[in-house]
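Working notes, beginning with the structure itself.
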Amino acid sequence: MSHIAYANGRYLPHHQASVHIEDRGYQFADAVYEVTCIWNGLPVDHAGHLKRLRRSLTELRIAMPCSEAAITVIQRELVRLNRLSRGTLYLQVGRGVASRNQPFPLKPVKPSLVMVAKHGTGPSESTAQTGVKVTVQPDIRWGRVDIKSVGLLPNVLAKQAAAEAKAFEALLVKSDGTVTEAGAANAWLVTKDKTLVTHPLSNHILGGITRETVMRLARAAGYQVQERVFKLDEVLAAKEVFLTGTTTFVLPVVQVDERIIANGSPGSVSLDLRQRYLEYVNALDETAWSPT
(Lines give C-alpha, C1' and ligand atoms only; values in the text may rest on other atoms or scores of the structure.)
Protein backbone atom coordinates (compact mmCIF):
# COMPACT_ATOMS: atom_id res chain seq x y z
CA MET A 1 0.00 0.00 0.00
CA SER A 2 1.07 3.58 -0.53
CA HIS A 3 2.69 5.61 2.20
CA ILE A 4 1.20 8.83 0.80
CA ALA A 5 -2.44 9.26 -0.25
CA TYR A 6 -4.43 12.23 -1.57
CA ALA A 7 -7.63 13.36 0.15
CA ASN A 8 -9.54 16.48 -0.87
CA GLY A 9 -6.62 18.74 -1.62
CA ARG A 10 -3.99 17.28 0.71
CA TYR A 11 -1.19 14.74 0.34
CA LEU A 12 -1.16 12.81 3.61
CA PRO A 13 0.41 9.74 5.17
CA HIS A 14 -1.89 6.88 4.22
CA HIS A 15 -2.99 6.19 7.82
CA GLN A 16 -4.04 9.83 8.27
CA ALA A 17 -6.11 10.20 5.10
CA SER A 18 -9.87 10.15 5.73
CA VAL A 19 -13.27 11.39 4.57
CA HIS A 20 -16.04 13.12 6.54
CA ILE A 21 -18.54 10.88 8.34
CA GLU A 22 -21.34 12.40 6.23
CA ASP A 23 -19.58 11.98 2.91
CA ARG A 24 -22.29 10.64 0.60
CA GLY A 25 -19.91 8.14 -0.92
CA TYR A 26 -19.51 6.59 2.52
CA GLN A 27 -23.20 6.70 3.45
CA PHE A 28 -24.97 6.04 0.14
CA ALA A 29 -22.29 4.75 -2.26
CA ASP A 30 -23.03 8.03 -4.05
CA ALA A 31 -19.63 8.03 -5.74
CA VAL A 32 -17.72 6.59 -8.67
CA TYR A 33 -14.19 5.30 -9.02
CA GLU A 34 -11.45 4.33 -11.44
CA VAL A 35 -8.43 2.05 -11.08
CA THR A 36 -5.51 2.75 -13.40
CA CYS A 37 -2.62 0.36 -13.86
CA ILE A 38 0.83 1.93 -13.46
CA TRP A 39 3.41 0.06 -15.52
CA ASN A 40 7.06 1.12 -15.43
CA GLY A 41 5.94 4.36 -13.80
CA LEU A 42 3.44 5.18 -16.56
CA PRO A 43 -0.36 4.94 -16.66
CA VAL A 44 -2.00 2.39 -18.93
CA ASP A 45 -4.89 3.83 -20.98
CA HIS A 46 -4.99 7.01 -18.90
CA ALA A 47 -7.22 8.88 -21.37
CA GLY A 48 -9.66 5.98 -21.47
CA HIS A 49 -10.02 5.93 -17.70
CA LEU A 50 -10.64 9.68 -17.62
CA LYS A 51 -13.26 9.35 -20.37
CA ARG A 52 -15.08 6.63 -18.41
CA LEU A 53 -14.82 8.73 -15.23
CA ARG A 54 -16.51 11.63 -17.03
CA ARG A 55 -19.27 9.35 -18.26
CA SER A 56 -19.95 7.84 -14.82
CA LEU A 57 -20.06 11.28 -13.20
CA THR A 58 -22.38 12.60 -15.91
CA GLU A 59 -24.77 9.67 -15.47
CA LEU A 60 -24.98 10.36 -11.72
CA ARG A 61 -25.02 14.16 -12.16
CA ILE A 62 -21.90 14.63 -10.05
CA ALA A 63 -19.61 17.48 -11.05
CA MET A 64 -15.98 16.87 -11.94
CA PRO A 65 -13.97 17.79 -8.83
CA CYS A 66 -11.33 19.56 -10.94
CA SER A 67 -10.02 19.53 -14.49
CA GLU A 68 -8.62 16.38 -16.08
CA ALA A 69 -5.26 18.12 -16.29
CA ALA A 70 -5.36 18.71 -12.52
CA ILE A 71 -6.29 15.07 -11.87
CA THR A 72 -3.33 14.03 -14.00
CA VAL A 73 -0.97 16.29 -12.03
CA ILE A 74 -2.14 14.74 -8.75
CA GLN A 75 -1.74 11.21 -10.11
CA ARG A 76 1.78 11.92 -11.36
CA GLU A 77 2.70 13.33 -7.96
CA LEU A 78 1.35 10.24 -6.19
CA VAL A 79 3.41 8.03 -8.49
CA ARG A 80 6.49 10.10 -7.62
CA LEU A 81 5.85 10.30 -3.86
CA ASN A 82 5.20 6.56 -3.60
CA ARG A 83 8.02 5.56 -5.96
CA LEU A 84 5.43 3.55 -7.85
CA SER A 85 6.88 1.54 -10.71
CA ARG A 86 4.27 -1.19 -11.12
CA GLY A 87 1.00 -0.97 -9.29
CA THR A 88 -2.34 0.81 -9.37
CA LEU A 89 -3.83 4.22 -8.69
CA TYR A 90 -7.30 4.20 -7.15
CA LEU A 91 -9.35 7.36 -7.72
CA GLN A 92 -12.75 8.05 -6.16
CA VAL A 93 -15.09 11.00 -6.73
CA GLY A 94 -18.17 11.41 -4.58
CA ARG A 95 -21.02 13.90 -4.54
CA GLY A 96 -19.59 15.42 -1.37
CA VAL A 97 -20.51 16.03 2.26
CA ALA A 98 -24.11 16.84 3.22
CA SER A 99 -26.58 16.12 6.00
CA ARG A 100 -27.84 12.57 5.55
CA ASN A 101 -30.84 12.67 3.23
CA GLN A 102 -31.29 10.48 0.19
CA PRO A 103 -32.16 13.16 -2.43
CA PHE A 104 -29.31 15.26 -3.78
CA PRO A 105 -28.34 18.17 -1.50
CA LEU A 106 -30.57 21.23 -2.06
CA LYS A 107 -27.47 23.43 -2.24
CA PRO A 108 -24.53 22.26 -4.35
CA VAL A 109 -21.64 20.83 -2.35
CA LYS A 110 -18.06 20.34 -3.41
CA PRO A 111 -17.38 16.85 -4.78
CA SER A 112 -14.91 14.78 -2.81
CA LEU A 113 -11.73 13.43 -4.44
CA VAL A 114 -9.45 10.80 -2.97
CA MET A 115 -6.61 8.79 -4.51
CA VAL A 116 -4.56 5.87 -3.21
CA ALA A 117 -1.52 4.18 -4.72
CA LYS A 118 -0.84 0.46 -4.39
CA HIS A 119 2.28 -1.48 -5.29
CA GLY A 120 1.95 -4.69 -7.29
CA THR A 121 -0.36 -5.65 -10.15
CA GLY A 122 -2.51 -8.71 -10.52
CA PRO A 123 -1.59 -12.37 -10.91
CA SER A 124 1.95 -13.45 -11.70
CA GLU A 125 3.09 -14.42 -15.16
CA SER A 126 3.39 -18.04 -14.03
CA THR A 127 -0.28 -17.95 -12.99
CA ALA A 128 -1.23 -16.61 -16.40
CA GLN A 129 0.74 -19.37 -18.11
CA THR A 130 -1.03 -21.98 -15.98
CA GLY A 131 -4.51 -20.48 -16.18
CA VAL A 132 -7.07 -19.96 -13.44
CA LYS A 133 -10.31 -21.40 -12.10
CA VAL A 134 -13.53 -19.37 -11.89
CA THR A 135 -16.77 -20.16 -10.11
CA VAL A 136 -20.29 -19.41 -11.34
CA GLN A 137 -22.31 -16.93 -9.27
CA PRO A 138 -25.71 -15.30 -9.86
CA ASP A 139 -25.55 -11.77 -11.24
CA ILE A 140 -27.58 -9.88 -8.62
CA ARG A 141 -26.14 -6.41 -9.28
CA TRP A 142 -28.22 -3.29 -9.89
CA GLY A 143 -29.43 -2.38 -13.37
CA ARG A 144 -26.75 0.21 -14.20
CA VAL A 145 -23.44 -1.57 -13.83
CA ASP A 146 -22.20 0.44 -16.82
CA ILE A 147 -21.70 3.23 -14.26
CA LYS A 148 -18.53 2.54 -12.29
CA SER A 149 -20.17 3.15 -8.93
CA VAL A 150 -18.62 2.26 -5.57
CA GLY A 151 -21.81 0.28 -4.77
CA LEU A 152 -20.03 -3.05 -5.08
CA LEU A 153 -21.58 -5.27 -2.41
CA PRO A 154 -22.85 -7.88 -4.93
CA ASN A 155 -19.34 -8.02 -6.41
CA VAL A 156 -17.89 -8.43 -2.93
CA LEU A 157 -20.21 -11.36 -2.21
CA ALA A 158 -19.38 -12.98 -5.55
CA LYS A 159 -15.63 -12.54 -5.03
CA GLN A 160 -15.93 -13.96 -1.50
CA ALA A 161 -17.73 -17.00 -2.90
CA ALA A 162 -14.87 -17.37 -5.39
CA ALA A 163 -12.30 -17.17 -2.60
CA GLU A 164 -14.14 -19.83 -0.61
CA ALA A 165 -14.25 -22.04 -3.73
CA LYS A 166 -10.48 -21.53 -4.16
CA ALA A 167 -11.18 -19.83 -7.48
CA PHE A 168 -9.56 -16.71 -8.88
CA GLU A 169 -12.78 -15.04 -9.99
CA ALA A 170 -16.56 -15.29 -10.09
CA LEU A 171 -18.31 -15.60 -13.44
CA LEU A 172 -21.60 -13.69 -13.17
CA VAL A 173 -24.62 -15.34 -14.77
CA LYS A 174 -28.20 -14.06 -15.19
CA SER A 175 -31.20 -16.24 -14.38
CA ASP A 176 -31.59 -17.13 -18.08
CA GLY A 177 -28.02 -18.44 -18.26
CA THR A 178 -26.54 -15.34 -19.90
CA VAL A 179 -22.95 -14.65 -18.85
CA THR A 180 -22.41 -10.92 -18.32
CA GLU A 181 -18.87 -10.54 -16.96
CA ALA A 182 -16.78 -11.43 -13.91
CA GLY A 183 -16.67 -9.80 -10.50
CA ALA A 184 -13.88 -7.43 -11.53
CA ALA A 185 -13.15 -8.26 -15.17
CA ASN A 186 -14.78 -8.72 -18.56
CA ALA A 187 -15.35 -12.29 -19.78
CA TRP A 188 -14.46 -13.67 -23.21
CA LEU A 189 -14.66 -16.98 -25.01
CA VAL A 190 -12.94 -18.28 -28.13
CA THR A 191 -14.98 -20.40 -30.53
CA LYS A 192 -13.64 -23.39 -32.44
CA ASP A 193 -12.95 -21.16 -35.47
CA LYS A 194 -10.96 -18.78 -33.19
CA THR A 195 -13.58 -16.04 -33.16
CA LEU A 196 -13.45 -13.93 -29.98
CA VAL A 197 -16.80 -13.35 -28.26
CA THR A 198 -17.59 -10.91 -25.45
CA HIS A 199 -20.80 -9.37 -24.12
CA PRO A 200 -21.84 -6.19 -25.97
CA LEU A 201 -21.74 -2.82 -24.24
CA SER A 202 -24.98 -2.18 -22.36
CA ASN A 203 -26.21 -1.42 -18.87
CA HIS A 204 -25.52 -5.09 -18.02
CA ILE A 205 -21.71 -4.81 -18.06
CA LEU A 206 -19.02 -2.30 -17.27
CA GLY A 207 -17.28 -1.16 -20.44
CA GLY A 208 -13.77 -2.26 -19.56
CA ILE A 209 -10.88 -0.06 -20.65
CA THR A 210 -8.67 -3.13 -21.01
CA ARG A 211 -11.51 -4.83 -22.90
CA GLU A 212 -11.45 -1.98 -25.42
CA THR A 213 -7.67 -2.12 -25.86
CA VAL A 214 -7.59 -5.91 -26.22
CA MET A 215 -10.38 -5.71 -28.80
CA ARG A 216 -8.35 -3.20 -30.80
CA LEU A 217 -5.17 -5.30 -30.55
CA ALA A 218 -7.06 -8.46 -31.52
CA ARG A 219 -8.62 -6.91 -34.61
CA ALA A 220 -5.26 -5.45 -35.65
CA ALA A 221 -3.82 -8.98 -35.39
CA GLY A 222 -6.52 -10.33 -37.71
CA TYR A 223 -8.84 -11.97 -35.19
CA GLN A 224 -12.60 -11.81 -35.68
CA VAL A 225 -14.37 -10.24 -32.70
CA GLN A 226 -18.08 -10.58 -31.96
CA GLU A 227 -19.83 -8.49 -29.33
CA ARG A 228 -22.90 -10.58 -28.55
CA VAL A 229 -24.78 -12.22 -25.72
CA PHE A 230 -23.67 -15.77 -24.85
CA LYS A 231 -24.80 -18.39 -22.37
CA LEU A 232 -22.96 -20.46 -19.79
CA ASP A 233 -23.32 -23.61 -21.92
CA GLU A 234 -21.31 -21.91 -24.68
CA VAL A 235 -18.59 -20.99 -22.19
CA LEU A 236 -18.30 -24.60 -21.01
CA ALA A 237 -18.01 -25.84 -24.60
CA ALA A 238 -15.60 -23.09 -25.74
CA LYS A 239 -12.17 -23.67 -27.21
CA GLU A 240 -10.78 -21.06 -24.79
CA VAL A 241 -12.03 -18.71 -22.09
CA PHE A 242 -10.22 -15.65 -20.73
CA LEU A 243 -10.70 -12.52 -18.67
CA THR A 244 -9.53 -8.95 -19.27
CA GLY A 245 -9.11 -6.25 -16.68
CA THR A 246 -6.91 -3.46 -15.35
CA THR A 247 -4.79 -5.78 -13.21
CA THR A 248 -5.52 -9.12 -14.88
CA PHE A 249 -4.49 -7.97 -18.38
CA VAL A 250 -5.43 -11.04 -20.47
CA LEU A 251 -5.85 -14.01 -18.13
CA PRO A 252 -6.68 -17.52 -19.41
CA VAL A 253 -9.43 -19.48 -17.63
CA VAL A 254 -8.98 -23.26 -17.65
CA GLN A 255 -11.71 -24.36 -15.22
CA VAL A 256 -15.29 -23.29 -14.40
CA ASP A 257 -16.27 -24.85 -11.09
CA GLU A 258 -15.64 -28.55 -11.71
CA ARG A 259 -15.69 -28.31 -15.50
CA ILE A 260 -12.39 -28.21 -17.37
CA ILE A 261 -12.23 -25.90 -20.40
CA ALA A 262 -10.96 -27.73 -23.51
CA ASN A 263 -7.78 -29.60 -22.49
CA GLY A 264 -7.30 -27.70 -19.24
CA SER A 265 -4.40 -25.56 -20.44
CA PRO A 266 -4.30 -21.92 -21.60
CA GLY A 267 -5.02 -21.73 -25.31
CA SER A 268 -2.87 -20.22 -28.04
CA VAL A 269 -5.25 -17.30 -28.68
CA SER A 270 -5.36 -16.22 -25.02
CA LEU A 271 -1.60 -16.44 -24.66
CA ASP A 272 -1.05 -14.58 -27.94
CA LEU A 273 -3.33 -11.75 -26.85
CA ARG A 274 -1.64 -11.57 -23.48
CA GLN A 275 1.74 -11.25 -25.17
CA ARG A 276 0.42 -8.53 -27.48
CA TYR A 277 -0.99 -6.65 -24.49
CA LEU A 278 2.33 -6.91 -22.62
CA GLU A 279 4.13 -5.54 -25.69
CA TYR A 280 1.62 -2.68 -25.73
CA VAL A 281 2.17 -1.68 -22.09
CA ASN A 282 5.94 -2.11 -22.33
CA ALA A 283 6.01 0.32 -25.26
CA LEU A 284 4.36 3.16 -23.31
CA ASP A 285 6.20 6.47 -23.07
CA GLU A 286 5.60 9.85 -21.40
CA THR A 287 2.74 10.60 -23.79
CA ALA A 288 0.78 8.02 -21.79
CA TRP A 289 0.04 10.84 -19.30
CA SER A 290 -1.90 12.82 -21.89
CA PRO A 291 -5.52 13.17 -20.68
CA THR A 292 -6.86 13.09 -24.25
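Computed quantities for the displayed model
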read-out	value
Tally, over the stretch 259-292, of residues that are touching a Leu at 6+ places or on another chain (Cβ under 6 Å) and without any contact (Cβ under 8 Å) to a residue 40 or more places away in the chain	1
Residue list for the stretch 143-165, filter: of a type outside the set (Asp, Glu) and either touching a Ser or Thr at 6+ places or on another chain (Cβ under 9 Å) or not assigned by TED's automatic domain parsing to the domain that holds Ile205 (or both)	Val145, Ile147, Lys148, Ser149, Ala158, Ala161, Ala162, Ala165
Residues of the stretch 168-196 classified as surrounded by fewer than 23 Cβ atoms within 10 Å (Cβ to Cβ), in contact (Cβ under 8 Å) with a residue 60 or more places away in the chain and in a loop (DSSP other than H, G, I, E, B), total	2
Qualifying positions in the stretch 174-193 - more than 18 Å from the chain's Cα centre (by Cα) and of a type in the set (A, V, I, L, M)	Leu189, Val190
Members of the stretch 197-234 that are among the hydrophobic types (A, V, I, L, M, F, W, C), assigned to a loop (DSSP other than H, G, I, E, B) and surrounded by fewer than 14 Cβ atoms within 10 Å (Cβ to Cβ)	Ala221
Qualifying residue in the stretch 24-43 (condition: basic (Lys, Arg) and more than 27 Å from Leu284 (Cα to Cα))	yes
Answer residue from the stretch 1-24, given it is assigned to a helix (DSSP H, G or I) and touching a residue at least 40 places away in the same chain (Cβ under 8 Å) and is nearest to Cys66 (Cα to Cα) among those	Arg24
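The values are calculated or read from the model by the stated rules, or taken from the named source; none is laboratory data. Predicted model only: the values in this text are computed from it and were never measured. All Cβ positions, glycine included, derive from the backbone under ideal geometry; neighbour counts span all protein chains shown.
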